[in-house]
Amino acid sequence: MSKVKKTIKVIKINADLCNGCRACEVICSAFHASPKYSINNPARARIRVVFDPVKNVYVPVYAGGYMAAECMGRDKYVIDGKEYEECAFCRSACPSRDAFKEPDSALPLKCDMCEDDPPQEEPLCVQWCLADALTYEEREEEVEETEELDDLETGLKALADKHGFQNIVDSVARMLQKEEV
Amino acid sequence: MRYAETGFNLEIDLSSGNIEKVETDPKLTELHLGGLGTNAKIMWDRVPPEVEPFSPENLLIFSSGLLGGTPAPAANRTIVTTISPQTRLMAYSMMGGFFAPELKFAGYDKIIIRGKSPSLVYLWIKDDKVEIRDASHLQGKGSLETSEIIKQELNEPKAQVASIGLAGENRVFFSSIEHGRSSASRGGLGAVMGDKNLKAIAVRGTKDINIARPEEFIKLCNEVLQYIQWRADNPIKHVPPILAGLGSPQEMAIHDEQWHTTAFSWGNARYRRKDFWTEEVEKEWTKVQDGAVERLISCYNCPMKCGAVISYPTQELSKYMMKCYSKLTYVMGAMADDLEFGFRIAGLAQGYGIDGFSGPQVMAFAIELYENGILTDEDLPGFPSDNEGRFFYLLEKIVRREGIGDVLANGVYWAARQIGKGAEEYDHNTIKKHEQIPIKLGMLNPIFFLLLSTGEKINITQIEGQLPQAPFPNPEDRKEFVKDWIQVPSDTIKEFFLKWEPRGEYAFPFYPDFQTACELVEWQETMHYIDDAVGLCAGLSSFPIKPPYHINNLPQIISAATGLDIDRDELWHKIIKRNRNLIRANNVRRGLRRKDDKPPQDHWKKRFPEYEAKLLDEYYKFKGWNAEGIPTKETLEGLGIGYVGEDLEKRGIYNNEQSEENN
Ligand code: SF4
Ligand code: SF4
Ligand code: SF4
């Protein structure tokens, strides 16, 4: 595989500065609505703030990849005397929880760095985080070329894992027939 | 499609267990917006004056505002409305936090609760699924602990919970409804919730809120955020630090408490300690506060972080959350010089669920009665000798309604009358039977006179705002101040400010003229009524000086979100005026009259009875009310709520204006 130059986009998360306002969730869900900003629903956001004030635990987490199965263990971290569930840091849309899934379809959500059109100068969650818990950096890196699944493929893959590939093909065929009538 | 609102209310009858999802009439949104406005309409229609606070017929309404759950920053208020057991009037308190947006995401604008459950229950709302669940295991549990247990047993860490503590269960007249870092604490709403045997409401929602004109709306939201950022670097000059910024007073972040500790009164709203704030105190208090505050926290979709995670234990939990000025109310009420005491007792009191304003004043009142021989060792067996100990003692008695606590739990006004023996003399800081902020000043302030007298939230901080509290001595500073004062409705207000002097012809009490005083009061009040209808936090709107939300951008923000075309005139002179009069009418029907419209008796040393009477006359006229403070039939007719006037007429209220004492 050949090497290519790629802009790496980094969001630095300073959990110590997070105040739990969830503005990042709000603007992410609104930005990804169609038409843009026509809907607010944090349950559709690609960032989630895990917070538990009574333990002073505040962790903003981005939606990463989709996972077909939940992981085996449930480790716990103790940082600065505070106990965190491992899941608090996990970016996966996995079967163990409802985070990072579209509420209606349960299709997985993934942060796209707001590369939607029109492309934003800075990710919107960063722009709306006035606490500076989220800051944005870009840097160039040489990486190996890989093929990335697009949104549709990720969604289909999730459905296939859940229902079986053949069932999906059958359903699509049925739906097509109905459309034609 | 409904925009900004969901268009549905949840009707819960706790007596029968009946649960209904009811579509609302979009016409009511046009007439009243939502939040407090539509709450007042429901109270008018469904809770006639014969209904007692502790009657199954009394409603307890949890409402979001019209903008709640939209991306508008700080649109997060939950407006709770019922008939108060203490004032026996319509009580409405608001809480911040996360409850109202979550309710909207679950698909409801309001939860309307009636009836009385036969046993202690809690409500669990998850989108379309609504359950009334047993809460017997939560009896006596602290408010925050209750919320933790519920989230755990439902396995719903993202659920938002509003709950009562022991005080609410025992119907203490100043008990609160607590919700994490926030509470609806004025007017004894928690007592009504307790009376209904409702320990808590938990809600989780995953549905959409729609915006009518998204591009326009988000642009306005971004402007609000940009202004907030700009103001962070450009505080207001020539005012105390606590008033220079935005948000609720930044009590958790600011250490300089000179203003509160020297300008407000200590004890039973008695003593000013003008030289309390020394370098030594500042050093000690800074240390205590830095040790207590673990993190500054915000409400839903707001950058202001007015609250904090506090590392003091409360009942079974190791931390609690605090906001605003409750760190000082207990300290000053107890005449304790120790801030640590404040953090210790506030957490405990919050767990029990009492109002951080009224609670300390009731306790300070009891201590005064004891010191003056009106309450004795018989009433207070084992009463400690130090004030801090006494406060803890009284807290436990009150929330359990044990011994004298049963009387004190009714608040200063009622307790004074139950105790007798001259105790009434010590009830000097209530309005309409409700404890007030402990401020005692010199010269009558005509603007505050009207605000305090006629405000039906019966809480000055929930009705005043935006105007510096004192004139700037230097005229140049005034000129500079008005230059970017874009938040005012008219030049009259700028002119008032430019001329306003600490002494002489252009000073209080005879400055400004009646008309200007009325305009200033109505402007301040109107801004709060807008917030309460749309669910915005006063901390970014009606309260601070030069806020990001104001009369000149709110009409457009509301219009863009809802698709209704509301201009400034419609918003102010029709909708808000309608809401204001509807609330007034609800209370007039319950006996509110001119005699109740007065400030705490000793709020100012220098009073001018004739002038004050004239002020009130002029203000009533300005409002379209008669000499008894009753909205006239014509006023109500002109606002499209003629049916309200007809009802008042049918009840003979216009003929027989003086009401019986409303108790
Ligand atoms: S916007 Fe920033 S401060 Fe607010 S919850 Fe998100 S990460 Fe935390
Ligand atoms: S970068 Fe954009 S897509 Fe990703 S979480 Fe932030 S707002 Fe959402
Ligand atoms: S200004 Fe403060 S109290 Fe108001 S919503 Fe924001 S964080 Fe909450």
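The values are calculated or read from the model by the stated rules, or taken from the named source; none is laboratory data. Everything quoted here is computed from the prediction, not taken from an experiment. Reconstructed Cβ throughout: ideal geometry from the backbone, glycine too, with neighbour counts over all protein chains shown. Surface accessibility is based on the protein's heavy atoms, side chains included, excluding ligands, DNA and RNA. Shrake-Rupley method; radii C 1.70, N 1.55, O 1.52, S 1.80 Å.
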Discussion item. Looking only at the stretch B:22-80, filter to residues that are within 14 Å of another protein chain (Cβ to nearest Cβ) and of a type in the set (Ser, Thr, Tyr); which one of those is nearest to B:ILE558 (Cα to Cα)?
Written reply: B:THR70
Response to the item:
In the set B:VAL288, B:VAL293, the lone residue that is over 16 Å from A:ALA131 (Cα atoms) and away from ligand 3 (no atom under 16 Å from the Cβ) is B:VAL288
Item to complete: Tell me, please, whether a residue that is within 10 Å of ligand 1 (Cβ to nearest atom) and farther than 20 Å from B:LEU103 by Cα can be found in the stretch A:33-49.
Response: yes
Worksheet item: Within the bounds of the stretch B:22-34, is there any residue that is among the acidic types (Asp, Glu), more than 26 Å from B:HIS528 (Cβ to Cβ) and either open to solvent by 40 Å² or more (accessible area, probe 1.4 Å) or in the same structural domain as B:ILE566 (by TED's automatic domain parsing) (or both)?
Response: yes
Discussion item. Under 7 Å between Cβ atoms, which residue pairs at least 6 apart in sequence (or on different chains) link something in the stretch A:121-138 that is at negative phi with a partner that is of a type in the set (D, E, K, R) and surrounded by fewer than 21 Cβ atoms within 10 Å (Cβ to Cβ)?
Written reply: A:THR135/A:LYS12; A:TYR136/A:GLU122; A:GLU137/A:LYS12; A:GLU138/A:LYS9
Item to complete: Those residues that are within 7 Å of chain A (Cβ to nearest Cβ) and in a loop (DSSP other than H, G, I, E, B), I need them from the stretch B:307-322; list them, please.
Response: B:LYS319
Fill in: Conditions (1) over 19 Å from the mean Cα position of the chain (by Cα); (2) more than 15 Å from ligand 1 (Cβ to nearest atom); (3) charged (D, E, K, R); number of the one not met by A:ASP16
(2)
Worksheet, complete the sentence: Scanning the stretch A:117-127 for residues that are within 8 Å of ligand 2 (Cβ to nearest atom) and in a loop (DSSP other than H, G, I, E, B), the one least open to solvent (accessible area, probe 1.4 Å) turns out to be A:PRO123
Discussion item. Just checking, does the stretch A:146-160 include any residue being at pLDDT below 80, more than 14 Å from chain B (Cβ to nearest Cβ) and within 12 Å of ligand 2 (Cβ to nearest atom)?
Written reply: yes
Worksheet entry | Subset of the stretch B:176-191 that is within 14 Å of chain A (Cβ to nearest Cβ) and not in a strand (DSSP E or B) - its residue that is nearest to B:PRO56 (Cα to Cα) | B:GLY180
Worksheet item: Say we look at the stretch B:357-374 and pick out the residues that are at pLDDT 95 or above and within 21 Å of B:LEU189 (Cβ to Cβ); which of these is farthest from the chain's Cα centre (by Cα)?
Response: B:MET363
Discussion item. Tell me which strands (runs of 3 or more DSSP E) are completely within the stretch A:1-83 and hold 3 or more residues being surrounded by 18 or more Cβ atoms within 10 Å (Cβ to Cβ) and either more than 16 Å from ligand 3 (Cβ to nearest atom) or away from chain B (no Cβ under 14 Å) (or both), or say none if there are none.
Written reply: A:47-52, A:57-62
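Evaluate the stretch B:56-66: report whether one residue or more is open to solvent by 10 Å² or more (accessible area, probe 1.4 Å) and touching a residue at least 12 places away in the same chain (Cβ under 8 Å).
Yes - at least one qualifying residue is present in the stretch B:56-66.
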Discussion item. So, in the stretch B:299-336, exactly how many residues are among the small types (Gly, Ala, Ser) and open to solvent by less than 20 Å² (accessible area, probe 1.4 Å)?
Written reply: 5
Practice prompt. Please work out which residue is nearest to A:PRO103 (Cα to Cα), limiting yourself to the stretch B:192-207 and to residues that are in contact with a Phe, Trp or Tyr (Cβ under 6 Å, 6 or more places away or on another chain) and away from chain A (no Cβ under 14 Å).
Written response: B:ALA202
Practice prompt. From B:GLU368, B:GLU294, B:GLU284, B:GLU340, grab the single residue that is within 14 Å of chain A (Cβ to nearest Cβ) and in contact (Cβ under 8 Å) with a residue 12 or more places away in the chain.
Written response: B:GLU294
Discussion item. I need the full set of residues from the stretch B:108-146 which are open to solvent by 10 Å² or more (accessible area, probe 1.4 Å) and within 21 Å of A:ARG22 (Cα to Cα), in order please.
Written reply: B:ASP109, B:LYS126, B:ASP127, B:LEU144
Response to the item:
Within the stretch B:612-645, restricting to residues that are touching a residue at least 60 places away in the same chain (Cβ under 8 Å) and open to solvent by 20 Å² or more (accessible area, probe 1.4 Å), the one that is nearest to B:TRP44 (Cα to Cα) is B:GLY640
Worksheet item: Among the numbered criteria (1) more than 24 Å from B:GLU316 (Cβ to Cβ); (2) within 16 Å of ligand 1 (Cβ to nearest atom); (3) not charged (D, E, K, R), which single criterion is violated by A:CYS90?
Response: (2)
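Out of curiosity, is A:ALA99 buried (at least 16 other Cβ atoms within 10 Å of the Cβ), of a type outside the set (Phe, Trp, Tyr) and in contact (Cβ under 8 Å) with a residue 24 or more places away in the chain?
yes
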Discussion item. Tell me the residue from B:TYR330, B:TYR325, B:TYR413, B:TYR426 that is under 24 Å from B:ILE460 (Cβ atoms), of a type in the set (Phe, Trp, Tyr), modelled with pLDDT under 95 and in the same structural domain as B:GLY291 (by TED's automatic domain parsing), please.
Written reply: B:TYR325
Discussion item. Checking the structure you have, find out if any residue of the stretch B:185-204 is away from ligand 2 (no atom under 16 Å from the Cβ), open to solvent by 30 Å² or more (accessible area, probe 1.4 Å) and over 25 Å from B:CYS299 (Cβ atoms).
Written reply: yes
Item to complete: Can you give me the number of residues within the stretch B:17-43 that are of a type in the set (A, V, I, L, M) and assigned to a helix (DSSP H, G or I)?
Response: 6
Worksheet, complete the sentence: Of the listed residues (B:LEU540, B:LEU536), the one being within 13 Å of ligand 3 (Cβ to nearest atom) and away from chain A (no Cβ under 14 Å) is B:LEU536
Discussion item. Against the definition (within 16 Å of ligand 3 (Cβ to nearest atom), open to solvent by 20 Å² or more (accessible area, probe 1.4 Å) and assigned by TED's automatic domain parsing to the domain that holds A:VAL26), how does A:LEU130 come out, yes or no?
Written reply: yes
